[in-house]
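Below is one structure, written out as C-alpha cells; comments come after it.
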Amino acid sequence: MSDPLVTVKQGTLRGVEIRSVLGTPFSAFRGIPYAAPPVGELRFRDPQPAEPWIGIRDATEEGSKCAQESYLAKELIVGEDDCLYLNVATTSLTGSKPVMVWVHGGAFIVGDGGFALFSPDYLMESSNIVYVAMTYRVGILGFLNLDHEVAPGNMGLKDQVAALQWVKENISQFGGDPNNVTIFGASAGGASVHYLLLSPLAKGLFHKGIVESGVVLNPWANIEETISHTHRLVSILGKDLTDPKEIVEFLRTVPHSELVIAQQKMLTEEDKHFLRYQFLPTIDNKSIRPFVHTDSFEEFVNQGIDVPVIIGYASHEGIYLLRGMNDEQYAKLDGDFESMVPQDLARRSPSKVKEIARAIRDYYFGDKKITADLIDNYVQFAGDYYFVRGVHKVIDIQVKKKAPVYLYQFSFLSNNSLYKSIFRLQNTRGVTHAGEVEYLFYATVFKERIKLDPDSIETLIRRRFVRMWTDFAATGNPTPIVDDLITVEWKPVNRTTRHYLDIGAELVSGKNLGENMLRAWKGIEAIAENNQ
C-alpha cells in the first residue's frame, strides 16, 4: 500500500503508508478539503461545496487548524480561516468496512481532528473499520449569531454535516461502507454528536452514535444570548455598530488572529473556569437551513434519538473543573451560589432561584462554607452540574424510544493518566473528564509520556475499548460476543432499569447508575415545577 492513490468526487489524492505505534500498517489521507475555504465573503456563511482539482493532490500532510487560541501554549494564536479539512485512515482500500467519524472536543472554542491528539493507531489495530476525523470552525468564526440571516449561527455544526456528506459520497473509495457510519466524540465532540443525532440537516448521514461526556443540555454546550456578546466584541475592536449587515461586513475585514484575541479578551478568569463562553451553538431559526429547527433546546432534545447510541461519562467528571480553581474562586462560589442554578430551572421559576440554589447547595455541601477543604464535594457537584445531569436527562428521553441506548461509566484510575498530567491534576482522586479518550487514540504529541507495556492493565483497558467501540460500529451492539476479553454482556437501558456498564479494571454490569443523585435532582426540579 505504499504511495496509495484514491479518486474522490473532487479529484485524485495521494496518501501515505504509516506503521502504527503497535506495528499495524495503514494508509492515511490527510488534509482532504470537504468544503470550500470559508474565507472572504464566505466567512460566517454556511459551508459551500469543495472545488475539484486537476492532477494528483498531495494528502500526506494535515490541513490547517481553524483559528483559535492554542490549547498547548496559551496566548499563542494558531490556525487559519481556511481549515475545512478531514483525515482518513484505513488498513485496506477494498471491501466495505464500518466507518467511524470522530468529532473533536474543545468547548467549541479550540481543537482539531489531527493526529497530534487523535492518531487512530489503536483503532487500526482492529483493522475492521475506516476512520475519519474532521476539523470544523470554532469560536466566533463557527458560532457568530446575530439573529439575522446574514449571520444565523451554528456554522461549525453545519461544517460537521458537510464532512458527513463528504463521507457519504466518497468513503467507499477508502474501503468504507457509506451505509454503516458511526459518529463519535467526547466533551464538545460528544455534544456535537448529540446535536447531529437530532438535527434534520444530518438525517441519513450516519447510522449509530457514541456520545462521550457531553450532551446538548450541558450548560456549556449552548447559549441563548448572542447579540450583546457580538456588540461587545465589536466594541473591543474599536467600532460602535449595531446593524447586523454592517457588523458582518466589518468582521470580515478583521484578521482571524485579531478576532480570536478579541474573543479571549471578553473572558474573565471566572468565565474560563466555569466554562461560560460566548460563542456556542444556538437556536438558529433565522437561517435558511436551520440546524436547530425548534424554538428551544429542550424541545430539540425531547425529539429523542432514532439510532442505536452509546452514551456515558467518567466517574469523576468534575476533576476537570479544578483547573485554575483557587481560594478566590471557591469564595465566589460560596458567596454567589445562585449563579449556579441551571438555566432551565431559573427560566421555569425565576422567583424560586434562591430556594433552588439552597437545595442544590444543601445536597452537595450541607451547611458548610465552600472552600478547598471540600474538594471532593466540589468535584461531585461540578461533575453532576456540568456533565452528568444532562446525560441522564437524555437517558430519560431515550428509554421511550425504540432505538437501544447503552449507558457506561468509566472508572479505571491509572497512575499514568495522560489527561490528568496534561491538566496538571495528577494528585486528584478519580477519573477525569474525557479520561477514556487516551484509550481510543494515540496522542503523538505526547508520545514520550505514553507507556505501551503489552502486559499492563492499561493495555487491557485499551483493547476492551477498541473492541467494544468497533463492535458497536459494526453491529449496533457493543458486546455481541462475550469472551476472555469482553467478559460481560452490556445490556441497554430500558423503561424499568437503568442498566449500565462500569468500565474499570474489570467490566462490571450494573443497574440504576447515579440513583441518589437523580433522586436529589428530581426534588430540586420539583421546586421549580411548583411555581406558585
Just to be sure I understand the filter: pairs with C-beta atoms under 9 Å, separated by 6 or more residues or on different chains, first member in the range 214-237 and more than 30 Å from LYS393 (Cα to Cα), second member of a type in the set (Lys, Arg) and surrounded by fewer than 17 Cβ atoms within 10 Å (Cβ to Cβ). Which pairs pass? LEU233/LYS265; ILE236/LYS265
For the range 229-279: of the residues being of a type in the set (Gly, Ala, Ser) and part of a helix (DSSP H, G or I), which is nearest to GLY318 (Cα to Cα)? ALA262
Residues LEU198, LEU146: which one is touching a Pro at 6+ places or on another chain (Cβ under 6 Å), aliphatic (A, V, I, L, M) and in the same structural domain as ILE77 (by TED's automatic domain parsing)? LEU146
Does ILE356 count as assigned to a helix (DSSP H, G or I), within 26 Å of ASN477 (Cα to Cα), in contact (Cβ under 8 Å) with a residue 24 or more places away in the chain and assigned by TED's automatic domain parsing to the domain that holds LEU460? no
Tabulated pairs, the range 126-145, first in a helix (DSSP H, G or I), second of a type in the set (Ser, Thr, Tyr) and at pLDDT 95 or above, C-beta under 7 angstrom, 6+ apart or interchain: SER126/THR470; GLY142/TYR136; PHE143/THR282
Filter the range 22-59 down to the residues that are closer than 30 Å to ILE450 by Cα and crowded, with 16+ Cβ neighbours inside 10 Å and list them by number. THR24, PHE26, SER27, ALA28, PHE29, ARG30, GLY31, ILE32, ALA59
Please determine whether any residue of the range 150-158 is more than 26 Å from ILE77 (Cβ to Cβ), touching a helix residue (DSSP H, G or I) at 6+ places or on another chain (Cβ under 6 Å) and not acidic (Asp, Glu). no
Does at least one position in the range 467-480 carry a residue that is within 16 Å of ASP121 (Cα to Cα), of a type in the set (D, E, K, R), buried (at least 18 other Cβ atoms within 10 Å of the Cβ) and at pLDDT 95 or above? yes
Of a type outside the set (S, T, N, Q), over 17 Å from the mean Cα position of the chain (by Cα), outside any strand (DSSP E or B) and surrounded by fewer than 22 Cβ atoms within 10 Å (Cβ to Cβ) - does that describe any residue in the range 214-221? no
Residues being of a type outside the set (Lys, Arg), part of a loop (DSSP other than H, G, I, E, B) and at pLDDT below 95: count how many of those fall in the range 495-532. 8
With respect to MET100, determine if the residue is within 16 Å of the chain's Cα centre (by Cα) and within 28 Å of ILE310 (Cα to Cα). yes
When you scan the range 492-505, do you find a residue that is over 17 Å from VAL309 (Cβ atoms), under 22 Å from the mean Cα position of the chain (by Cα), assigned by TED's automatic domain parsing to the domain that holds PHE410 and among the acidic types (Asp, Glu), even just one? yes
Complete set of residues in the range 494-510 that are within 22 Å of PHE465 (Cβ to Cβ) and either in contact (Cβ under 8 Å) with a residue 60 or more places away in the chain or surrounded by fewer than 19 Cβ atoms within 10 Å (Cβ to Cβ) (or both): ARG498, HIS499, TYR500, LEU501, ASP502, ILE503, GLY504, ALA505, GLU506, VAL508, SER509, GLY510
Please enumerate the residues belonging to the range 365-382 that are in a helix (DSSP H, G or I) and either surrounded by fewer than 19 Cβ atoms within 10 Å (Cβ to Cβ) or among the acidic types (Asp, Glu) (or both). ALA372, ASP373, LEU374, ILE375, ASP376, ASN377
Any residue that is within 18 Å of VAL130 (Cα to Cα), in contact with a Gly (Cβ under 7 Å, 6 or more places away or on another chain) and either crowded, with 21+ Cβ neighbours inside 10 Å or among the acidic types (Asp, Glu) (or both) - is there at least one of those in the range 195-213? yes
Can you confirm whether THR459 is assigned to a helix (DSSP H, G or I), under 27 Å from the mean Cα position of the chain (by Cα) and surrounded by fewer than 19 Cβ atoms within 10 Å (Cβ to Cβ)? yes
Restricting the range 277-335 to residues that are surrounded by fewer than 20 Cβ atoms within 10 Å (Cβ to Cβ), touching a helix residue (DSSP H, G or I) at 6+ places or on another chain (Cβ under 9 Å) and charged (D, E, K, R), the one modelled with the lowest pLDDT turns out to be ARG323
With the requirement that a residue be over 19 Å from the mean Cα position of the chain (by Cα) and either over 19 Å from THR12 (Cα atoms) or of a type outside the set (Phe, Trp, Tyr) (or both), what does the range 168-185 give you? LYS168, GLU169, ASN170, ILE171, SER172, GLN173, GLY175, GLY176, ASP177, PRO178, ASN179, ASN180
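The values are calculated or read from the model by the stated rules, or taken from the named source; none is laboratory data. Only a predicted model underlies this, so the values are computations on that prediction, with no experimental measurement involved. We place every Cβ from the backbone using ideal geometry, glycine too, and count neighbours over all the protein chains shown.
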